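S.K.: This is the structure I have questions about; it appears just below.
Just so it is clear, none of the values below were taken in a lab; they were calculated from the coordinates. Please read all numbers here as calculations on a predicted model, not as lab measurements. Cβ: placed from backbone, ideal geometry, glycine included. Neighbour counts: every protein chain shown.
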Amino acid sequence: MSRRVMRRRQELGKSIDEVAAKAGLDPGYLRYFEQHAGARLSAGAVMLLALALQTTPAELYGGMIERPQGRAHAGSNPELRELTAAQCEAHLGADGVGRVLFVSPRGPVAHPVNYAMSEGEIVISTTVAQADALERQDTVGFQLDRVDEAMSEGWSVLATGPARRVDDPDELHRLASLELEPWAGGDRRALLRITPAEVTGRVIVHDAVAD
């Protein structure tokens, strides 16, 4: 949020003192807030700050899900960087929703799926037919990404490797603790493990000029 606040203030051409005065905040703390990602504001302070910046709390929080992603302007001096192995691992370790990539009779296909990490492998829950089809492929892919529309930034991670359907009862019992629940519902209780043979990632960042 600190960088979103800074960017919005700069878009309006306002100084920290001007915004702080309008929001009823201490200028010194607002300056500190913009420069430290770990700084926090109360919900009431965020509301006042949003009003001072002629925006909404949702936009400052980065929750503009109603806007089609990718329509914002590029940030200042955008740079595409490679993610390190540790950064890719950290993103994958957050669990959530990603996309499984594979080749079907119609060509390349990407399906969104719930997933979780277990012992360095990607675990998804799907139908028996889908699990068997993916296991027969030499390589499948798994892609995860996030976009910050407010900051015109984003990252993506791509893991590729073989897939294996989980049949061993003991292994199934251990993986039950992951509590994978496919949003699509239906009979999607076959577990599939993707063993990443190669993991790569990229991130788009841009400069944020201080006041």
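S.K.: With θ set to phi - 60° and the Karplus curve 6.51 cos²θ - 1.76 cosθ + 1.60, what are the ³J(HN,Hα) couplings of region 88-102 in order, to the nearest whole Hz, using x for Gly and Pro?
M.R.: 4, 4, 5, 5, 5, x, 6, 6, x, 10, x, 10, 8, 10, 7
S.K.: Relative to the present Cα-Cα distance, how much length would full extension add between residue 137 and residue 58 at 0.36 nm per residue of separation?
M.R.: 24.2 nm
S.K.: Roughly what would the spin-label model give for residue 48 and residue 202, points 7 Å off Cα along C-beta, in nm?
M.R.: 4.4 nm
S.K.: Here's something else I'd like to know. Could you tell me the calculated FRET efficiency between residue 31 and residue 117, based on Cβ-Cβ distance and R0 = 41 angstrom, to the nearest 0.05?
M.R.: Calculated value: 0.60.
S.K.: Right, next: Give me the one-decimal nm value for the distance between modelled label points at residue 167 and residue 106, 7 Å along each residue's Cα-to-Cβ direction.
M.R.: In this crude label model, residue 167 to residue 106 measures out at 3.0 nm.
S.K.: Along the charge dipole of region 1-148, pointing to its positive end and built from +1/-1 on Cβ of Lys, Arg, Asp and Glu, which listed residue (52, 130, 80) has its Cα farthest out?
M.R.: Farthest along the dipole direction, towards plus: 52.
S.K.: Which whole-Hz ³J(HN,Hα) couplings does region 155-168 yield from phi under the Karplus relation 6.51 cos²θ - 1.76 cosθ + 1.60, θ = phi - 60°, glycine and proline marked x?
M.R.: Along region 155-168, the couplings run 9, 8, 10, 10, 10, 10, x, x, 10, 9, 6, 8, 10, 5 Hz.
S.K.: Another question, if that's okay. If you take P(r) over Cα pairs in 5 Å bins from 0, in percent from the coordinates, which of (1) 1, 7, 16, 20, 22, 17, 10, 5, 1, 0; (2) 1, 7, 14, 18, 18, 15, 10, 7, 5, 3, 1, 0; (3) 1, 6, 13, 15, 13, 12, 10, 9, 8, 6, 4, 2, 0 do you get?
M.R.: Here the calculated entry is (3).
S.K.: So if R0 is 22 Å, what FRET efficiency would residue 90 and residue 179 give, r being the distance between their Cβ atoms, rounded to the nearest 0.05?
M.R.: 0.55
S.K.: Just going by the charge dipole of the chain, with Lys and Arg at +1 and Asp and Glu at -1 on Cβ, which of 182, 142, 155 is farthest out on the positive end?
M.R.: 155
S.K.: Per DSSP H run of at least 4 residues, take -39500 (n - 2.57); add these up for the chain, divide by its residues and hand me the 222 nm value, nearest 500 deg cm²/dmol.
M.R.: Mean residue ellipticity at 222 nm (helix-derived): -8500 deg cm²/dmol.
S.K.: Also, quick follow-up: Please get the size of the charge dipole for the chain, origin at its Cα centre, with Cβ charges of +1 on Lys and Arg and -1 on Asp and Glu, quoted in debye to the nearest 20.
M.R.: 640 debye
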